[in-house]
1. For segment B:89-158, which helices (runs of 4 or more DSSP H) that fit wholly inside it have 1 or more residues that are within 19 Å of B:GLU203 (Cα to Cα) and either within 14 Å of another protein chain (Cβ to nearest Cβ) or modelled with pLDDT under 85 (or both)?
2. Out of A:LEU15, A:LEU76, A:LEU6, I need the residue that is surrounded by 14 or more Cβ atoms within 10 Å (Cβ to Cβ), modelled with pLDDT under 75 and assigned to a helix (DSSP H, G or I). Which one?
3. Suppose the filter is in contact with a helix residue (DSSP H, G or I) (Cβ under 6 Å, 6 or more places away or on another chain), more than 21 Å from A:GLY420 (Cα to Cα) and of a type in the set (A, V, I, L, M); does A:LEU321 pass it?
4. In segment A:344-378, how many are assigned to a loop (DSSP other than H, G, I, E, B) and of a type in the set (Val, Ile, Thr)?
5. Regarding segment A:221-231, can at least one residue be identified that is surrounded by 19 or more Cβ atoms within 10 Å (Cβ to Cβ), within 14 Å of chain B (Cβ to nearest Cβ) and at negative phi?
6. Among the residues of segment A:60-73, what is the count of those that are out of contact with any Ser or Thr (no Cβ under 9 Å at 6 or more places or on another chain) and either assigned to a helix (DSSP H, G or I) or modelled with pLDDT under 90 (or both)?
7. Within segment A:408-419, identify whether any single residue is of a type in the set (Asp, Glu) and away from chain B (no Cβ under 14 Å), and answer yes or no.
8. Within 13 Å of chain B (Cβ to nearest Cβ), closer than 22 Å to B:HIS143 by Cβ, in contact (Cβ under 8 Å) with a residue 24 or more places away in the chain and buried (at least 21 other Cβ atoms within 10 Å of the Cβ): does that describe A:ASN155?
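The values are calculated or read from the model by the stated rules, or taken from the named source; none is laboratory data. Here the structure is a predicted model, which is why all the values come from computation and not from measurement. Positions of Cβ are backbone-derived with ideal geometry, glycine not excepted, and every protein chain shown enters the neighbour counts.
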Amino acid sequence: MLRSALLLGLGRGPLGRGLSTHRGGSTLDWERKVSEIKKKIQSILPGGAWDPLYNTSYLPPEHADVVIVGGGVLGLSVAYWLKKLEKPRGAIRVLVVERDHTYSRASTVLSVGGIRQQFSVPENVQLSLFSVDFLRNINEYLAVVDDPPLDIQFNPSGYLLLASEKGAAIMENNVKVQRQEGAKVCLMSPEQLRNKFPWINTEGVALASYGMEQEGWFDPWCLLQGLRRKVQSMGVLFCQGEVTRFVSSSHHMETMSGEEVNLKRIHEVHVKIDQSLEYQPVECAIVINAAGAWSGQVAELAGIGKGPPGTLQGTKLPVELRKRYVYLWHCPQGPGLETPFVIDPSGTYFRREGLGQNYLGGCSPTEEEEPDPGNLEVDHDFFQDKVWPTLAQRVPAFESLKVRSAWAGYYDYNTFDQNGVVGPHPLVLNMYFATGFSGHGLQQAPAVGRAVAEMVLEGHFKTINLSSFLFSRFYLGEKVQERNII
Amino acid sequence: MAAPRASLHLVARVWNGGTRGIRGPSRVLAPEGNQKEGRSLLRFLADRFHDVEVLRDYLLRKQVMKVNQKNRFQGKEWIRPNQRGHFSLDFLKLQAVPVEAVDASGCAINYQGLDSLLALKELQSLWLQHCPHVDDWCLSRLHPLASSLQELSLAGCPRISERGLACLHHLWNLRRLDISDLPAVSNPGLTRILVEEMLPNCEVLGADWAQGLKLGPEEQSRDPASPMPA
């Protein structure tokens, strides 16, 4: 049947007109016609995307090897590293499903864009060190032929963390850990602080740690676009849609100790198209949950957490949406060009923005004051009541400032220990997580993407050992508490 | 990648007879032409300039490059190959001389290549004019030189922007800073003012602060001291 279709197609084409045209000089563009015919045949053959009746180009493919739920910086980073580390080239078909192609609510683009190595957990420091290396060489990693190089506008101004009496010992310990991993951090006494930054009021500050190199802030939108562009050039497929269902099969197995477990394997992902009831089932081998603040909901779709509480089956993915506000203000007498990213012991932070004496900053609310994450409306009273007093106390020049604008974004907040979840789920065998970073996902995205790609392709972590970030710690109760979370 | 300008010279003023412990070795070559105003009496006594190598490793390579007038350095390449650690007898003579000034203008030094410069704990003067790969990241690495560096010249580096200049505040001993002709700085006049505020003891040579300002058409003929209409 195929052959007859081929012959028919050819029959109606140029050859059907006979040889008479050859005499008058060839007006046939033979090469082009042949390639068009080849394309048509390829689309008819199984595996092609041809549907003779409707235009289905907006639908995702029917089969994909890896489906990445979420197209933010973490999802794109995993896609990039999967394509970069796969052997042989072109072996894996990756599909990135992103619900909102304008990224209007994505945490990546609403982020303040800072990157630091001053963490208390050594793995976090390693992740951040690799990520800053990646950012420095971004034009080698993400180069696309004929496209202009990326400028992420990195400000190498460093982070300045201030600690009160209570936190001074912890800070010293943290700095020791950071230095061991290779971060360049120095400790400063209040006097040294006053000498270096005369605009700081050091009352209540016992110790400060200042990152000298490889810390600062950059433009997350540029990183996102760079990753998107590169990943598209590497052949990753994009789809604008929402994952609504996982079709999986489960098997009863017994562990070594005789317990019964229910192992699940996801076979299909149902991707629903925006503002439509239409969905496409995508057969896949591996699903990566990089949905950011909405990862908890995606995990529930896969049946994670459906079981008696206290068992592994009943352990949910503890990632929730948390709303955070960022304010931009203008202060003409404020600190100058040397301003680092300052973090007060109370949790208030600010950094310089541009050359016009503008500053960005905010504060994480306490548990009781958590705003309702239903929308992204900004609460300006929060600035007046909670942020401004601490700012003015720490930097007296900020007593007179004028808020220019503000916005809100989501943290993919890990309620368990505020650190990321990376790696496969113990029961849902082919779901991998890359989420839950609670506000430091952007700065660790390149390294985490590589770790997840290694886990998917090789089965274990090769470069940075993130086994303490696996899902099983939620069941076992082993917290990897990150103390320096803002 | 275009080759940098003809010759690389790492220039240092040699102390006449002072031995301050073992620092980077230096090597005597044919004297160069550029004479700058002497800074101190001791330096006046040094009546010729010496090209210096920054680390023993690339001494020999440097000599060859200098002779051939071809310098295709990538900072990385310097560090890897010559692990032998031996150098010609000339170097041994001047090994004890501390390196005080380095002129790396036009040289393709990059982020990793700065390792060699940062090892010079007594460096007082660093010229990185027209270096095509020196960018904001490189500037953030200069803080180990804070206690000794007094003069820094970054004129004409195409990749340096105001974000990198912000991390020069670590260099509290800096007395002369040249930031003229930086094409990537968005607002040269304003940047210069902010850098002057950031480094109060430092003389900043750079863009004229009025460079970014434009007179409105009706004000051009007026006295600039008169108040602007509200």
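1. Details: elements: B:89-93, B:114-118, B:136-139.
In segment B:89-158, B:136-139 are the helices (runs of 4 or more DSSP H) which contain 1 or more residues that are within 19 Å of B:GLU203 (Cα to Cα) and either within 14 Å of another protein chain (Cβ to nearest Cβ) or modelled with pLDDT under 85 (or both).
2. Working: A:LEU15 fails: surrounded by 14 or more Cβ atoms within 10 Å (Cβ to Cβ); A:LEU76 fails: modelled with pLDDT under 75.
From the options A:LEU15, A:LEU76, A:LEU6, the qualifying one is A:LEU6.
3. Details: in contact with a helix residue (DSSP H, G or I) (Cβ under 6 Å, 6 or more places away or on another chain): yes; more than 21 Å from A:GLY420 (Cα to Cα): no; of a type in the set (A, V, I, L, M): yes.
So A:LEU321 does not fit the description; no.
4. Applying the first criterion (assigned to a loop (DSSP other than H, G, I, E, B)) to segment A:344-378 yields A:344-347, A:354-357, A:364-366, A:370-378.
Applying the additional criterion that residues be of a type in the set (Val, Ile, Thr) yields A:366, A:378.
Qualifying residue count, segment A:344-378: 2.
5. First, the residues of segment A:221-231 that are surrounded by 19 or more Cβ atoms within 10 Å (Cβ to Cβ): A:223-224, A:226-228, A:230-231.
Add one more test, that the residue is within 14 Å of chain B (Cβ to nearest Cβ), and what stays is none.
Among the residues of segment A:221-231, not one is surrounded by 19 or more Cβ atoms within 10 Å (Cβ to Cβ), within 14 Å of chain B (Cβ to nearest Cβ) and at negative phi, which makes the answer no.
6. Filtering segment A:60-73 for residues out of contact with any Ser or Thr (no Cβ under 9 Å at 6 or more places or on another chain) gives A:60-68, A:71.
From what's left, either assigned to a helix (DSSP H, G or I) or modelled with pLDDT under 90 (or both): none.
Residues meeting the conditions: 0.
7. The first filter runs over segment A:408-419 and keeps only residues of a type in the set (Asp, Glu), leaving A:412, A:417.
With the extra rule that they be away from chain B (no Cβ under 14 Å), the set shrinks to A:412, A:417.
The answer is yes; a qualifying residue exists.
8. Yes; evaluated as a whole, the condition is true for this residue.
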